[in-house]
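**Q** I have a structure here, written as structure tokens, and I will follow up with some questions on it.
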Amino acid sequence: MSSEMYSLASKVKLANGASMPLLHLGLYMIPGNQVKDPVRWALAAGYRGFDSAQMYDNERETGRAIRDFLSSSQNKAGLTREDIFYTTKLANNRASYQQVRRSIKQSVDACGLGYVDLFLLHSPYGGSEARLASWRALEDAIADGEVRMAGISNFGVRHIEELMASNPRIRPVVNQFEVHPFNTNTEIRAACAKHGIIVEAYGPLARAMRMKHPTILSLSSKYGCTPAQLMIRWSLQHGMVPLPKSSNQDRLVSNADVGKFAISEEDMAAMDGLDENLVTDWDPTDAP
């Protein structure tokens, strides 16, 4: 795959025929009162995808930051709402269908963007019945125009197969879970590929826990890039959508600058071999 293929303007086509940005800014652990600047910097730099969640407690502020930028003099590209891809996630599957339906609507209202581009079930917690009821609520939110697309997050192989076996009216377009060279999660990725589900990789930088690993340092030196750029490029070359998180302007811009080099097949294999099942945060993929 040519090195020119990856930039902040790059998009990936989803199974439903729609497309979304190939790189998103992750907003995990950025408090609401601190999210405005990273969103503004990201939009100015060319980011068009933003990944929030009910659990992040920054939906309202993220939406406001996007709207403020669009209506400001900083919006030199003349961007509109349609140019932005906004994702959020349901915190709790354990609620009833009606409670989940209300919760989705509250998230849509909170961001103030008119609709949510992609809404995910944040985890498989709650059991089979709750998962499927939550999915039906999400399908109905799409039918009512509140949400454009639906997906899942932290779903393991069994949860994916359960959902697909239920013959859903709307199929999930993505599954967002932790993936990086130190936790490759190949079985879940294979299940996603089987069903045409795009993998969104959160924690693609392994939360900076392995930036000084000898292989990462050696290869980043070889390719004249930062360790973060190397790991993001690895995700992209595996066909994933990485969600690098940063509240630092320079790193936020640098993380997206991955179009100037391509990792060889041999070096991709070497990075694949770093897998140690490193979980940097939580791992609900084996939930009952």
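The values are calculated or read from the model by the stated rules, or taken from the named source; none is laboratory data. Since we're looking at a predicted model, the values are computed, not measured. Note that each Cβ is placed from the backbone with ideal geometry, even for glycine, and that neighbours are counted across all protein chains shown. These area figures cover heavy atoms from the full protein model, side chains too; ligands, DNA and RNA do not enter into them. Shrake-Rupley method; radii C 1.70, N 1.55, O 1.52, S 1.80 Å.
**Q** Taking only complete DSSP H runs, can you tell me which helices of the chain stretch 20 Å or more along their own long axis by Cα positions and average at least -0.5 on the Kyte-Doolittle scale?
**A** Span-like helices, by this rule, are 128-143.
**Q** Treat each spin label as a single point 7 Å out from the Cα along the C-beta direction, and report the ASP37 to GLU162 distance in nm.
**A** That separation, rounded to one decimal, is 4.3 nm.
**Q** In nm, to one decimal, how far is the modelled label at ALA45 from the one at ASP57, with both set 7 Å along Cα→Cβ?
**A** Using points 7 Å along Cα→Cβ, the separation is 2.6 nm.
**Q** Also: Quick one: of the DSSP bridges fully inside segment 1-87, what percent are antiparallel, nearest 5?
**A** Working: 3 of 9 bridges.
Once the DSSP bridges in segment 1-87 are tallied, antiparallel ones form about 35 percent.
**Q** Here is a follow-up. How long is the gain from ASP286 to LYS222 if the chain were fully straight, where each residue apart is worth 0.36 nm and the alpha carbon distance is subtracted?
**A** Full extension of this stretch gives 19.3 nm more.
**Q** Give me the net charge for the shell around ALA287: Cβ to Cβ below 10 angstrom, other residues only, Lys and Arg +1, Asp and Glu -1.
**A** 0
**Q** What FRET efficiency comes out for the pair MET209/ALA18, r = Cβ-Cβ distance, R0 = 30 Å, nearest 0.05?
**A** About 0.30, to the nearest 0.05.
**Q** A follow-up question, please. Taking the Cα centroid of segment 50-86 and of segment 176-209, what is the distance between the two, rounded to the nearest whole Å?
**A** Centre-to-centre distance over Cα atoms comes out at 26 Å.
**Q** If the only charges are +1 at each Lys and Arg Cβ and -1 at each Asp and Glu Cβ, what is the size of the charge dipole of segment 134-221 around the Cα centre, to the nearest 20 debye?
**A** Numbers: 10 positive and 9 negative charges, 78 e Å.
In total the dipole reaches around 380 debye.
**Q** Keeping the other protein chains in place, figure out the carbon and sulfur percent of the accessible area of the chain, with a 1.4 Å probe.
**A** 48 percent
**Q** Relative contact order (percent) for the chain, with alpha-carbon contacts under 8 angstrom and 6 or more residues of separation?
**A** 20 percent
**Q** Are there trypsin sites (Lys or Arg not before Pro) in segment 180-248 that DSSP marks as loop and that have at most 14 other Cβ atoms within 10 Å, and which are they?
**A** On the way: sites: ARG189, LYS194, ARG207, ARG210, LYS212, LYS222, ARG233, LYS245; in loops: ARG210, LYS212.
Listed in order of number, the matching sites are LYS212.
**Q** Roughly what would the spin-label model give for ALA77 and GLU129, points 7 Å off Cα along C-beta, in nm?
**A** In this crude spin-label approximation the distance works out to 4.7 nm.
**Q** At 1.4 Å probe size, with every protein chain present, just tell me what the per residue accessible area of segment 197-288 comes to in Å².
**A** Per-residue accessible area for segment 197-288 comes out at 45 Å².
**Q** Can you tell me the dipole magnitude for segment 1-127 around its Cα centre, using point charges on the Cβ only (Lys, Arg +1; Asp, Glu -1), in Debye to the nearest 20?
**A** In debye, rounded to 20, segment 1-127 gives about 280.
**Q** Accessible area per residue of segment 1-77 at 1.4 Å probe, in Å²?
**A** Dividing the accessible area of segment 1-77 by its residue count gives 49 Å².
**Q** Accessible area per residue for segment 115-167 in Å², computed with a 1.4 Å probe and the full protein assembly in place, what is it?
**A** That works out to 31 Å² per residue.
**Q** Here's another thing I want to ask about it. Give, in nm to one decimal, the length gained when the segment between ARG102 and ALA269 is fully stretched (0.36 nm per residue of separation minus the Cα-Cα distance).
**A** Value of the extension gain: 55.6 nm.
**Q** Okay, next question. Gap in Å between the Cα centre of segment 136-154 and the Cα centre of segment 234-288?
**A** Cα centroid to Cα centroid, the span is 27 Å.
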